[in-house]
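S.K.: Mind having a look at this structure? Questions to follow.
The values are calculated or read from the model by the stated rules, or taken from the named source; none is laboratory data. This is a predicted model, so every value here is computed, not measured. FYI the Cβ positions are ideal-geometry reconstructions off the backbone, even for glycines, and counts take in every protein chain you see. The accessibility values were calculated without ligands, DNA or RNA, using every heavy atom of the protein model including side chains. Shrake-Rupley method; radii C 1.70, N 1.55, O 1.52, S 1.80 Å.
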Amino acid sequence: MGKDVIVACDFPSAAATLVFLDKFTGKKPFVKIGMELYYAEGPAIVKELKARGHKIFLDLKLHDIPNTVKKAMAVLSKLDVDITNLHASGTVPMMEAAIEGLTRPDGSRPLLIAVTQLTSTDQETMEKDLLIKEPIADVVLHYAANAKKAGLDGVVCSPLEAQRVHDRCGKDFITVTPGVRFADGDRGDQKRVMTPAEARRIGSDYIVVGRPITAAADPVAAYERCVREFVG
Ligand code: C5P
């Protein structure tokens, strides 16, 4: 699995995104388009960034009844993104339906990964708000095993959990890990965090990095630091 840094383009508009990406002269970072940007700009922003040569992780985190998710995934399959995702808590039948919807008539499809527990959730919030009493690491592993069973390619998880996911689901099962912070940086709302270098040591395949790059005084230098620490 090729290791890479995915830059979370959490911007309110295409204009703001392009101003940001234009700073990366000669480089085409793997980018993540999330809900904010996609809901503002729709499929056009995906096509624009694809045409500019970026790989794209479309992070819309679908979660609905299986039939609805299947139909939504069939629409997304036409966008030619590299990775897309859903919530593992939507259950195995929902994930199986998603794969069906995402698979194009020629059998190809983007990689599909499942969100396990958001990295903004910790044990206490999970117990209090969701009434899930199991240890968070067990919940993540259970969701990962369900995703694998449904035929998905990997999961989004905290870097703290990536190694155990690989142990349980195999080294080819992709781990995409947000919640990455520089050792000397702000945590923001992320509770379960790790540095790029630590994420590399424990075997994350991709790290998703937003504010440590997008809010940096020099985003290109921050991106390069991430790549140096994570990819080497
Ligand atoms: O700015 P920051 O580095 O915290 O951004 C992390 C990105 O990863 C955000 O776009 C967020 O939506 C996403 N993400 C996350 N935790 C997950 C799944 C996705 O933080 N479990």
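S.K.: Tell me, which residue of the stretch 177-191 that is within 9 Å of the ligand (Cβ to nearest atom) and modelled with pLDDT under 80 is nearest to the chain's Cα centre (by Cα)? Step through it out loud before you land on a result.
M.R.: Looking only at the stretch 177-191, we keep the residues that are within 9 Å of the ligand (Cβ to nearest atom), and these are 177-181, 187-190.
So of that shortlist, the ones also modelled with pLDDT under 80 come out as 187-190.
Numbers: R187: 18, G188: 18, D189: 17, Q190: 14 Å.
Step by step, filter the stretch 177-191, then rank; the result is Q190.
S.K.: Separate question: Is the stretch 211-230 home to any residue that is among the β-branched types (V, I, T), open to solvent by 20 Å² or more (accessible area, probe 1.4 Å) and more than 16 Å from the ligand (Cβ to nearest atom)?
M.R.: Looking through the stretch 211-230, at least one residue is among the β-branched types (V, I, T), open to solvent by 20 Å² or more (accessible area, probe 1.4 Å) and more than 16 Å from the ligand (Cβ to nearest atom).
S.K.: Now for a different question. Could you name every one of the helices (runs of 4 or more DSSP H) located completely within the stretch 1-96 that has at least 3 residues being surrounded by fewer than 16 Cβ atoms within 10 Å (Cβ to Cβ) and within 16 Å of the ligand (Cβ to nearest atom)?
M.R.: 35-41
S.K.: Restricting to the stretch 139-197, and then to whatever is touching a Gly at 6+ places or on another chain (Cβ under 8 Å) and part of a strand (DSSP E or B), can you tell me which residue is surrounded by the most Cβ atoms within 10 Å (Cβ to Cβ)?
M.R.: Among residues in the stretch 139-197 that are touching a Gly at 6+ places or on another chain (Cβ under 8 Å) and part of a strand (DSSP E or B), the one surrounded by the most Cβ atoms within 10 Å (Cβ to Cβ) is T175.
S.K.: Take the residues in the stretch 109-129 that are among the hydrophobic types (A, V, I, L, M, F, W, C) and near the ligand (Cβ under 7 Å from one of its atoms); name whichever of them is nearest to the chain's Cα centre (by Cα).
M.R.: V115
S.K.: Residue pairs, Cβ under 6 Å, 6 or more apart or interchain, first in the stretch 204-231 and at pLDDT 95 or above, second of a type in the set (F, W, Y) and more than 11 Å from the ligand (Cβ to nearest atom). List them.
M.R.: Close Cβ pairs satisfying both conditions: I207/F230; I213/Y223; V220/F24.
S.K.: Which condition breaks for G107 when tested against (1) assigned to a strand (DSSP E or B); (2) at positive phi?
M.R.: (1)
S.K.: Also: Which number in (1) in contact with a helix residue (DSSP H, G or I) (Cβ under 6 Å, 6 or more places away or on another chain); (2) more than 24 Å from A8 (Cα to Cα) marks the one condition that H63 misses?
M.R.: Tallying (1) in contact with a helix residue (DSSP H, G or I) (Cβ under 6 Å, 6 or more places away or on another chain); (2) more than 24 Å from A8 (Cα to Cα), H63 fails exactly one: (2).
S.K.: Still on this structure, please answer the following. Can you tell me which residues in the stretch 2-34 are touching a strand residue (DSSP E or B) at 6+ places or on another chain (Cβ under 6 Å) and among the hydrophobic types (A, V, I, L, M, F, W, C)?
M.R.: Step one: filter the stretch 2-34 for residues touching a strand residue (DSSP E or B) at 6+ places or on another chain (Cβ under 6 Å), giving 4-9, 29-34.
Selection gives V5, I6, V7, A8, C9, F30, V31, I33.
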